[in-house]
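Here is the structure we will look at, set down as structure tokens.
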Amino acid sequence: MRYISAFLLFLSLFIAGQFSAFCQVQADTLIGTIYDETDQRPVSQARITISFPGNSDVEQIILTSNSEGSFTAAIPKIRPFTITVRHPEYLFKTIEYSLGEELNRTIMIELESALKEVQLEGRVLSVRDDEPIGMAEVRLQSIDGETVETDLIDKSGGDGRFQLNTTLNLNHSNRLVFSVNHPDYVSINTSTIYRPDTVFVLRAQAESNYIRLGGNVIDKTNGNPIEFATVQVLPASPNATLERSIGTATDLDGSFEFTFRFSVPFRLRFSHISYQTKELTITDPTYRRIKVELLPESVEGEEIYVISEIVSEDELKNTGTIDKISNLEIREIASMSAFDLVSTMREVDVSTQSINLQSISTRGFNSTANPRFLQLTDGIDNQAPGLGFPLGNLMGPSDLDIASMELLIGPSTTQYGSSAMSGVLLTHSKDPFVSQGFSFNAQVGTHDFKLGGADAWGVEGEGIYDFGLRYAQAVGEKFAFKITGTMITGTDWSANNYENLRSDKKWTENLLRDPGYNGVNLYGDESFSLLPVGFEIEEGFVPVSRTGYREEDLVDYDIATRKVGASLHYKFNEQSRVSVQGRYGYTNTLYTGDSRVRLEDFEMYQVHSELNLHNFMIRGYATTQYSGNSYNVNILANELISYAKNDINWFRDFELVYQNGRPIFGIPKGSVEAARDYADSGSTLLSGSEAVSRLEPGTPEYKEQLHRLKNITGFSEGAGIVDNSILYHTDVSNRFEDVLEGLDVTAGSSIRYYDLESKGTIFPDTTGNDITNYEYGLFLQFEKSFLDDNLNSIAAVRYDKNENFDYKLSQEVGFNYNLREKHYFRFSFQNGFRYPTVREQFINSNLGKARLLGGLSQINGNYELPLNAFTVQSVEDFNRAVSLDLRPLSGGYNREQAELNHLNILEQGILSEDGLPTIEPEITNSLELGYRQLINERLYVDLNYFVSLYDGFIGIKRFVKPRTSPVTDLFAAAGQINRVSENERYYVYSNSEGRVTAQGVSFDIQYTSGNFMSSLNGTWTQLTKETSDPIIPGYNTPPLKINFEWGARDLVTNGGFKMTFRARNGYDWQSSFLDGRVPAYGHFDFQFNIRFPAIQSRLKTGITNLGVTPYYDTFGGPAIGSILFTTFTFSPGGN
């Protein structure tokens, strides 16, 4: 392929050279000068285009005049041709040379200035009867959006006429905005386009009429009154705006009545955050009552974005896959948290680490940290800067303050940067100018319950309590503020999976029968040694593990979350504003990362400021975290075990007592139970060594050491962690509309800076070794419509640079074609990338069973793994082959002979000298095809196919490093790989050597009928990779996901319900914490709600995971049970 490309390049250069030589021979030399026709001065920087109409094989010649106004060109002897001259300050001019016309070799071109003194003439007329209005003050406010600095004011005469003199550039569109003021008329602003010899007509509305209006606003679907709907008076002309607002709001029974001074005709606009806006034109000034019916937003979905609901025209035309959630859907969710609603969207996976901590991802590669998925709240990245997990509902807005949520499915790196490789969740909080007033909610739930208890509900179980409030108020038309708060307390779900992780379950999973028992949520038993304590096999070697501790004995399952937010907003006009806000979050919970981590007294601070000026935006924020008294649960278990007896003594005692017993103390030989009891005791067979008995949970000694160890940081002894890292981020963007014949361009940039601080507990940032990292990016996005707006297109390019890696470019192109009415086909392609996160670059953390290392060579290079370590896969293959040889029918080999027979397996698994290069960015090429159809106002269908190809996929490579280097003594190294005291295990972030491919199909169907609504969506997905690649892909997503919702907003008067069903296939889970199988599950959530319009409130009660046993969606995570809950919400007007 390279040779063909080189030949084609040579051929094109040869042809170009020959044509150039031909043109040099067969050409005239054209010399020209460009002058200003007024003063004959030369015009520099004019653009000259020489074209050859009818000769498509001849390229245009493009020149620029020099400082003397001159230019020179070689013109082929081809006729006709044209010379077109353009300059921003002059009108363009075209000269044509026709067939047979001789070329004047020196030409003079005079340009006429585009800047013209013009007289703007017009009349001010009454809207009602077209009568002239005299003594009206007419002011020219702006030209093409630019404010006119000088006062251009005139008073209309008795015939309504006015004149204004100004200078216009005739190359521009010249959109003029006039203001008209008169004491007896409504002050208006009106815009129009300048045309020569045009008389502008500005119409004003008299204020001479006192008008009284009243009526009722009701829900069209059920006839219920709509409280706190806005009623706004507007001029009849859509081009006119009022300098002061006139309007009112409906009361609790949906009625309104007010008196104002205006003239007919005029418009009335009725709006509400949960309903579609409606306008009426009023032509009669006499009093009357009006009945107005509004449709809920969810019926036709202008507010919701899920492009998985009945959608708007703009959403149908989108080139990507977008799903949206409205505030109304959040209020109707059949659970206690809005984040549960996200899990019902197609292609979404959720990792539950605690009852108050979940992480979200799309398109596979689900994880608790989720580096390929971005969560933004009002544009702010919701991730803990150091630990790297998304804060989500720990730091985001309360359910009361969420206006909507947008899910962008698939790569979005060109706009949002490298963290958005698989998708983005955008959460928008409510605008305090729009949603004002006080709101409050209280939620009470019970889980792990048993019916028939003694409490008020007749249920015994663990409780959870959630209280939230919101207060927002506009002070005048320019200033507004908002305060929010949330407090959650209760008891967490338990991680109590005690399944044996050993792959060879030869015996039962009972601890006393299986010496190598390794429970999922049992910690301290991960490491093992192969000891000759086998059953039924002479000289059998089996894994023996230490006696671990259950998670429930290591952590406090009490949870707490406290969130406070405040913001100030100033509005210059409807399109320009500035805001400053701060958020604080506090939590006690459990996080599943590389280990189970108890977040205790964990705090987060965010400060954010943003300026929006029409199409320009600049945003800056900082996120600071404090780990408080958090600790690593796995390390805590290991420290408790080591406190009693170190590994060398424990495994020695176990082996010797099993083989020989202690007859003098009545301890028989050959008993696993007796050997374990002795090894766990305060005795040891090694003279001179000290030991204490294994600490039993609940005893004073256990509690004392538990408290001491979890408050010691550094992992040299204790389990405490420190992570006080900070993230700084700035975004800037500007949208340029109609740059060239409908072309819209958005330009933007971002920069972020990490300042990591873990005091050596997570990163190697010990004294004098500060770790920081910066990254910046620039992007351009182009949007244009073709074929009478039936074809929408988007193209984007982004440049990014990380401090530790070379620059990267990502590109995107997308199309959406309207085949016929409401039938849309879409196509998109993106070449993206992902820089390794700071965690994947710098981490150096003890997991207990292994050490997790970042992919930078300066992090993992100190551990000398190349040539000294085996891949874990080769060790497992070696052990499997040795075990087969130890079977009685396999030839009677002893352990030493069996190991010698299979040393070649280990030899092939030695990490080569160049087998662990420094980590590099991950590259993806993603293709997406989709089809949308809005069949009618009630039924919507969306189909989607995607395929993503990953090169340099970032995952984890696993190694075992024996005490003896295998290149020095392979046989000695083979004997050490299965003894915990003679080897070390390492997990290293690295890139795949082969290509990883993910593909999938999803669908979304929405249907409404009267008060009832239903939806069905599903996703099928698949991962393939080269089987020889040792990388751990961690796809962690079910091959098939189905979600179904059904409900009615008014099953009875002011009463509705909603039911949700989720089903997931079983799937394999791979992570640095644990590998295992997540079983299939399916469950129902249900809620019934009653609204109380008189007190502006609603009561909702329901149950999650109805009638199904607890399940888990991450291997090693908590068992998710049912929650019986009741929610009371006071929310005037839904604000």
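Quick notes
For (1) surrounded by 19 or more Cβ atoms within 10 Å (Cβ to Cβ); (2) of a type in the set (V, I, T); (3) out of contact with any strand residue (DSSP E or B) (no Cβ under 8 Å at 6 or more places or on another chain), each residue gets a yes or a no:
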residue: I762; (1), (2), (3): yes, yes, no
residue: N769; (1), (2), (3): no, no, yes
residue: G777; (1), (2), (3): yes, no, no
residue: F782; (1), (2), (3): no, no, no
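Here is a yes/no grid of residues against (1) touching a residue at least 40 places away in the same chain (Cβ under 8 Å); (2) closer than 30 Å to L949 by Cβ:
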| site | (1), (2) |
| --- | --- |
| G1018 | yes, yes |
| N1054 | yes, no |
| A1080 | yes, yes |
| S1097 | no, no |
| T1109 | no, no |
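- Pairs where the first residue, in region 783-796, is at negative phi and the second is of a type in the set (K, R), C-beta under 7 Å, 6+ apart: N792/K317; S793/K784
- Test: residue in region 1002-1012 that is part of a loop (DSSP other than H, G, I, E, B) and either without any contact (Cβ under 8 Å) to a residue 40 or more places away in the chain or farther than 30 Å from S545 by Cβ (or both): yes
- Any chance T29 is surrounded by 10 or more Cβ atoms within 10 Å (Cβ to Cβ), closer than 18 Å to I95 by Cα, in the same structural domain as F81 (by TED's automatic domain parsing) and at pLDDT below 85: yes
- Failed criterion for E227 (all others in (1) outside the structural domain of D144 (by TED's automatic domain parsing); (2) touching a Gly at 6+ places or on another chain (Cβ under 7 Å); (3) surrounded by fewer than 18 Cβ atoms within 10 Å (Cβ to Cβ); (4) modelled with pLDDT under 80 hold): (3)
- Subset tally (residues that are of a type in the set (K, R) and either buried (at least 24 other Cβ atoms within 10 Å of the Cβ) or part of a strand (DSSP E or B) (or both)) for region 936-975: 3
- Evaluation of L685 against (1) surrounded by 15 or more Cβ atoms within 10 Å (Cβ to Cβ); (2) out of contact with any Ser or Thr (no Cβ under 8 Å at 6 or more places or on another chain); (3) assigned to a helix (DSSP H, G or I) (one fails), failing number: (3)
- Filtered residue count, region 1078-1104, keeping only those that are touching a Gly at 6+ places or on another chain (Cβ under 6 Å) and either at pLDDT below 90 or not β-branched (V, I, T) (or both): 5
- Within region 611-634, one or more residues are within 30 Å of G720 (Cβ to Cβ), under 35 Å from the mean Cα position of the chain (by Cα) and part of a helix (DSSP H, G or I).
- Residue list for region 346-367, restricted to those being assigned to a strand (DSSP E or B) and touching an Asp or Glu at 6+ places or on another chain (Cβ under 7 Å): V350, S351, T352, S354, S361, T362
- Restricting attention to region 736-763, the residues being under 30 Å from S845 (Cα atoms), more than 29 Å from the chain's Cα centre (by Cα) and not charged (D, E, K, R) number 1.
- Qualifying residue in region 282-299 (condition: within 38 Å of the chain's Cα centre (by Cα), modelled with pLDDT under 85, assigned to a strand (DSSP E or B) and under 25 Å from L374 (Cα atoms)): no
- Some residue of region 1073-1081 being buried (at least 19 other Cβ atoms within 10 Å of the Cβ), in a strand (DSSP E or B), at negative phi and not charged (D, E, K, R): yes
- Total residues in region 508-531, condition at pLDDT 80 or above, at negative phi and not polar (S, T, N, Q): 12
- Of all residues in region 379-429, those satisfying the criterion of being in a loop (DSSP other than H, G, I, E, B) and among the small types (G, A, S) are G379, A384, G386, G388, G396, S398, G410, S412, G417, S422.
- Residue identified as over 30 Å from H569 (Cα atoms) and of a type outside the set (A, V, I, L, M, F, W, C) among Q353, Q415, Q383: Q353
- Scanning region 245-257 finds no residues that are modelled with pLDDT under 75, on the phi < 0 side of the Ramachandran plot, surrounded by fewer than 17 Cβ atoms within 10 Å (Cβ to Cβ) and in contact with a Ser or Thr (Cβ under 9 Å, 6 or more places away or on another chain).
The values are calculated or read from the model by the stated rules, or taken from the named source; none is laboratory data. What you see is a predicted model, and the numbers here were worked out from it, not measured in a lab. Glycine also receives a Cβ, built like all others from the backbone with ideal geometry; neighbour counts cover every protein chain displayed.
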